[in-house]
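The values are calculated or read from the model by the stated rules, or taken from the named source; none is laboratory data. Since the model is a prediction, treat every value here as computed from it, not as a measurement. Glycine also receives a Cβ, built like all others from the backbone with ideal geometry; neighbour counts cover every protein chain displayed. Just so you know, the surface numbers come from the protein's heavy atoms only, side chains and all, with ligands and any DNA or RNA stripped out. Shrake-Rupley method; radii C 1.70, N 1.55, O 1.52, S 1.80 Å.
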Amino acid sequence: MQFQRIEDLRIDHDLTQQQVADILGCQREVYRRYEKGTRTIPVEFLIQLADYYHVSIDYLVGRSSE
């Protein structure tokens, strides 16, 4: 499952994949796979990203428009 909003939020905040990977404490390639949906993103990373971007997890995964 691809999470387009994770990529969109990263770009909107002028962050690189490496910067977000550093925030999550993972390698850039691992984070890239989360964005592209080739690797399942752990719930704890979704929580970190939701907190960082001040959005809900539902928004991140496309279940909400807010």
Inset, instruction - Give the range 37-54 a look and list any residue that's surrounded by 12 or more Cβ atoms within 10 Å (Cβ to Cβ) and not hydroxyl-bearing (Ser, Thr, Tyr), or say none. - result: 37, 39, 41, 42, 45, 46, 47, 48, 49, 50
Inset, instruction - Return a yes/no flag: does the range 18-31 have any residue that is open to solvent by 70 Å² or more (accessible area, probe 1.4 Å), among the basic types (Lys, Arg), out of contact with any Cys (no Cβ under 8 Å at 6 or more places or on another chain) and in contact (Cβ under 8 Å) with a residue 24 or more places away in the chain. - result: no
